[in-house]
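Following: one structure in structure tokens, then a few remarks.
The values are calculated or read from the model by the stated rules, or taken from the named source; none is laboratory data. These numbers were taken from a predicted model, which means no experiment stands behind them. Ideal geometry is used to build each Cβ from the backbone, glycine not excepted, and the neighbour counts take in all protein chains shown.
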Amino acid sequence: MVSIQAQKSIIQTNCPLCGEKETIFLSKDELDYARSNHALITKAISHTNNGHVLTLYIDGEGIVRRKYCFEIAEKKDLNRNIPLPTKLDLVFDQMLKDSLNSR
Ligand SMILES: [Zn+2]
């Protein structure tokens, strides 16, 4: 097996939300692990001043595959996020009712 000498371990990217430039350092171990397990390296960078956290998913070749921005949840925001599981609960409820009705 040929070893790759020029391993990409420094990644530069910008935040899709606030445009801030970020430099991410990846260790050889992280890249090796991601490559051999077909896993993605997750890096979270807090842009607290801008109210969000930038999360990067990087593959074993050092390529940024996904970028997500998470809003920093405050208590009132948490309340606003509750409807999602509630909607799912309703869906399950309906599925349950439907399966009972079809008997
Ligand atoms: Zn940002």
Residue that is surrounded by the most Cβ atoms within 10 Å (Cβ to Cβ), among those in the stretch 24-72 that are out of contact with any Leu (no Cβ under 7 Å at 6 or more places or on another chain) and acidic (Asp, Glu): Glu30
Breaking point among (1) modelled with pLDDT of 95 or more; (2) in a strand (DSSP E or B); (3) among the hydroxyl-bearing types (Ser, Thr, Tyr), for Ser36: (2)
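Being within 17 Å of Phe25 (Cα to Cα) and free of Cβ contacts under 8 Å to residues at least 40 places away in the same chain is the filter here, so list the residues in the stretch 64-73 that pass it. Can you show your working first?
Keep residues of the stretch 64-73 that are within 17 Å of Phe25 (Cα to Cα), which gives 64-67.
Arg65, Arg66 - these are the residues of the stretch 64-73 that are within 17 Å of Phe25 (Cα to Cα) and free of Cβ contacts under 8 Å to residues at least 40 places away in the same chain.
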Close pairs from the stretch 47-61: first near the ligand (Cβ under 10 Å from one of its atoms), partner small (Gly, Ala, Ser), Cβ under 6 Å, at least 6 apart: Val53/Ala44; Val53/Ser46
